[in-house]
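Written below as structure tokens is the structure these notes are about.
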Amino acid sequence: MATGVKRDILRTVIVLSVITLVAGILLSVVFQITRITPEEERQRVYKKLNAIYLAPNGYVEVESRPGESVEAFYKADGEDYYIVISNGAGYKGFIQLFVSFEGTELVRITVGNNSDTPGIKEDVFKESYLSQFHGDIYEKDYSQANFDAVAGATYTSGGVIAAARNAVTFYKNYLESKTPEQMLLEKLNGMH
């Protein structure tokens with residue numbers, strides 16, 4: 001009887017091992033078929049950037065920081081137009097924003113990827129809500145208390161406020177790190 005039990009256990013282990021191996025191989029195949037290559041991801045981002053602001057000479061990636069509160073920073077080539085891709089924690093995950101700047105002005109916010117609850121988040125993602133962030137970044141205080149939250153969507157509102165603040169803080173640091181000569185040269189290049 002002991003050998004029969006050992007045989008059953010061994011058979012169960014072998015069957016489960018085969019099932020695990022087959023499942024692993026199938027998952028690997030599905031991943032290879034559905035994965036997005038870095039080039040495809042780059043093209044997706046550039047398409048989104050051009051939908052926000054059509055830069056005649058395209059965009060130059062100034063900095064990339066995947067997985068951080070600021071993912072990437074782009075400059076319209078030859079122009080004084082910048083887009084910061086930033087994140088803030090919403091209700092069900094991170095809210096991605098494409099925050100556009102001209103000089104020291106925040107001029108546009110476009111919503112990227114997010115997983116917050118449909119229906120509730122729509123009011124937060126409307127231009128009428130997002131426009132409260134527009135203006136000279138040195139004349140506004142981008143702390144949480146200075147912006148309205150949408151009733152029933154306070155976590156989503158907080159995520160948008162945090163993502164906007166992250167973008168503004170990053171962009172201010174970028175501007176403040178540049179010498180007057182660099183800024184003049186960029187402005188002159190933008191005139192051509």
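Test of understanding: in a Gaussian network model of the chain with alpha carbons linked when under 10 Å, which of ASN114, ASN173, ASN50 would top the mean-square fluctuation ranking?
Residue with maximal mean-square fluctuation among ASN114, ASN173, ASN50: ASN173.
List every DSSP H helix in the chain whose Cα atoms extend 27 Å or more along the helix's own long axis and whose mean Kyte-Doolittle hydropathy is at least -1.0.
Taking the DSSP H segments of the chain (at least 27 Å long, mean hydropathy at least -1.0), we get 2-34, 154-177.
Under a GNM of the chain (C-alpha, springs under 10 Å), which listed residue has the highest mean-square fluctuation: LEU27, LEU97, LEU49?
Largest GNM mean-square fluctuation: LEU27.
Just to be sure I understand: with springs between alpha-carbon atoms less than 10 Å apart, which residue in LEU175, LEU26, LEU54 has the highest mean-square fluctuation in the Gaussian network model of the chain?
In this elastic network of the chain, the residue with the biggest mean-square fluctuation among LEU175, LEU26, LEU54 is LEU26.
Where does each of PHE98, PHE73 land when they are ranked from fewest to most other beta-carbon atoms within 10 angstrom?
Result, fewest neighbours first: PHE73, PHE98.
What share of the DSSP beta bridges in the stretch 61-108 is antiparallel, in percent to the nearest 5?
Bridges in the stretch 61-108 that DSSP calls antiparallel: roughly 100 percent.
Nearest 500 deg cm²/dmol is fine: what mean residue ellipticity at 222 nm does the chain get from its DSSP H runs of n ≥ 4 alone, each adding -39,500 (n - 2.57), divided by its residue count?
After summing the helix terms and dividing by residue count, I get -15500 deg cm²/dmol.
Please report, to one decimal in angstroms, the Kirkwood hydrodynamic radius of the chain built from all distinct Cα-Cα pairs.
Its Kirkwood hydrodynamic radius stands at 19.6 Å.
Just going by the charge dipole of the stretch 38-190, with Lys and Arg at +1 and Asp and Glu at -1 on Cβ, which of ASN146, PHE94, PRO66 is farthest out on the positive end?
PHE94
Holding the Cα-Cα limit at 18 Å, pick out from LYS75/LYS178; LYS48/LYS75; LYS47/LYS75; LYS47/LYS172; LYS75/LYS172 the pairs that are longer than that.
LYS47/LYS172
Could you size up the charge dipole of the chain around its Cα centre, putting +1 on the beta carbon of Lys and Arg and -1 on that of Asp and Glu, and report it in debye to the nearest 20?
Charge dipole, the chain, about its Cα centre: 1180 debye, nearest 20.
We did not get these values from a lab; they are worked out from the coordinates using the rules stated. All of these numbers come straight from a predicted model, not from anything done at the bench. All Cβ positions, even for glycine, are placed from backbone atoms using ideal geometry, and neighbour counts span all protein chains on display.
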